[in-house]
Each structure stands twice: as structure tokens, then as C-alpha cells.
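What follows is one structure encoded as C-alpha cells, with my remarks underneath.
What follows draws every value from the coordinates through simple rules; no lab data is involved. Note that the structure is a prediction, hence the values are computed from the model and not measured.
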Amino acid sequence: MGKIIAVAQQKGGAGKTMLASQLAVAFAETASVAVLDIDPQASLTIWAKLRSTAAKAGHKITAANTAGWRLTTELEKLAAAHDIVLIDTPPVIDTDNRRAIRASHLVLIPLNPSPPDLWAAEGTLKMAAEEKRKVALVFNRAPASSKLRKRLEAEIAARRIRLLETALANRAGYANAFAEGLGVTEAGPTTIAAEEVRSLAAAIQNLLT
Ligand SMILES: Nc1ncnc2c1ncn2[C@@H]1O[C@H](COP(=O)(O)OP(=O)(O)OP(=O)(O)O)[C@@H](O)[C@H]1O
Ligand SMILES: [Mg+2]
């Protein structure tokens with residue numbers, strides 16, 4: 001049985017879809033990976049379609065999209081056939097998000113390192129707590145150091161919420177790779193972005209074992 005990671009954050013545009021795609025490609029270097037898109041915006045599904053004809057796309061990633069009552073059985077099927085399943089969720093708190101969180105081993109919450117993004121994550125944090133799921137916050141579009149980032153790190157530590165040490169910076173490479181159906185580890189395997197994503201994937205793998 002594979003491990004299921006729900007990428008969730010009530011706040012729109014925090015980087016859920018980008019993170020799901022980048023991690024899927026990084027994990028696929030050493031594991032069999034599936035992505036499940038439960039967002040009606042279907043960005044990850046479009047990414048997967050682009051990927052199917054992208055010359056630089058390395059390892060195969062299974063892509064599925066579903067919603068509603070089928071979601072849980074679809075997840076069971078994907079987890080039975082893959083080492084890792086990443087779920088990209090819409091920026092809401094609803095029944096499907098709860099289904100995804102309930103089925104997951106880890107809830108990954110991307111956020112910009114600024115307080116309103118943590119406030120916006122409260123609904124997702126509450127749902128993960130209700131479902132007794134392991135949670136990890138990950139800073140996205142993060143400056144290397146800033147007053148706000150430090151303040152937020154202190155607040156997160158005080159609340160004893162797990163924050164992954166590796167953060168993703170704001171880099172055009174992420175958006176560019178996504179637009180090609182790729183991950184940065186494929187589009188530019190020796191870039192700093194690729195290093196960030198590999199380091200993040202390793203930290204997440206540690207949490208799953
Ligand atoms: N680290 C980053 N560097 C540069 N661009 C980024 C980064 N993270 C995300 N983006 C860009 O920001 C936009 C929003 O990201 P994304 O679509 O992943 O957010 P989301 O949380 O999935 O949004 P939604 O809530 O609408 O589903 C996209 O255009 C994406 O390419
Ligand atoms: Mg999205």
C-alpha cells in the first residue's frame with residue numbers, strides 16, 4: 001500500500017498545484033507515483049496532459065481526476081498500485097477535501113511566509129486535526145530571510161505545528177516547468193530550484209516512513 005499525500009490549503013494560489021506537480025516528478029525518480037486532481041479547475045490534469053507529449057518528461061506518472069463519492073475508492077486503487085499518491089485539492093473546505101484528508105498519511109500545506117496565509121490555513125489545519133492526520137507546513141515563494149518569515153516561524157513553533165525546513169523560493173523556473181508539463185528536476189536538473197524540490201521530497205519521505 002502506497003503513501004497518500006494531500007496537498008491542501010484553503011487559501012487560493014498558495015502553490016498547491018505547483019507543489020503537487022514538482023513533488024510528483026521528484027518522487028518519480030525513485031518511486032512509482034500517481035497524482036489525483038480533485039480540483040474542478042483541473043490545472044494538474046492539464047499539466048499531466050502536457051506531460052504526456054513533453055520530450056523532457058522522464059518517469060511516467062499516473063494521472064487521475066475524480067470527485068465526490070468515487071474519490072475514496074479511486075484513492076484506494078491508486079495507493080494499491082503506486083508507492084506515492086499526491087492529491088491536488090481546491091482552495092475550499094468541503095466534503096471532498098475531507099475525504100482526501102481522511103485518506104491521506106500526510107497533509108501538506110503550502111503557504112507564503114506571511115501571517116495572513118497562516119490565518120487562511122486555519123480551516124485546513126482544523127480539518128486535519130479533526131481527522132487526526134499528520135500535517136506539515138511548507139513555505140512557498142519564500143524570501144531567504146525576512147522579518148515576516150521569522151515572525152511566522154516563531155508563531156508556528158509556538159503552536160507546535162510542523163514546518164518543513166526546506167522552503168521553495170519564488171522562481172520563474174517553477175512556473176515555466178509547470179507550463180511545459182514538467183518538474184524543475186527535469187527542466188533544469190542542476191538548478192537551485194531542482195535542489196530545493198529534491199530536498200523537500202527527501203524531508204517528506206522521512207515523514208512518511
Ligand atoms: N515558488 C513559486 N515560484 C514562482 N511561481 C510560483 C511558485 N509557486 C506557485 N507559483 C505560481 O503561482 C500561481 C499559483 O500557484 P498554484 O496554481 O500552484 O496555486 P494553487 O494553490 O494550486 O491555486 P488554487 O488555490 O487556485 O488551486 C501559478 O501561476 C504558479 O505557477
Ligand atoms: Mg491549484
Kirkwood hydrodynamic radius (Cα pairs, Å) of the range 162-209? 11.2 Å
Between the range 103-127 and the range 2-79, the Cα center-to-center distance that results, in Å: 18 Å
In the chain, whole DSSP H helices that both stretch 20 Å or further along their axis by alpha carbon positions and average at least -1.0 on the Kyte-Doolittle scale are 192-208
Sequence-distant aspartates and glutamates (8 or more away, or on other chains) whose Cα lies within less than 17 Å of LYS126: ASP94, ASP96, ASP117, GLU155
The chain: relative contact order in percent, alpha carbon pairs under 8 Å with at least 6 residues between: 28 percent
I want to verify a result. In a Gaussian network model of the chain, Cα cutoff 10 Å, which of these has the top mean-square fluctuation: SER114, SER146, SER104? SER146
Straight-line reach from LYS147: which lysines have Cα under 23 Å away, leaving out those fewer than 8 places along the same chain? LYS11
Rounded, prolate or oblate: pick one for the range 3-208, where a ≥ b ≥ c are the square roots of the eigenvalues of its C-alpha gyration tensor, a/c under 1.5 means rounded, and failing that, prolate if a/b is larger than b/c, else oblate. oblate
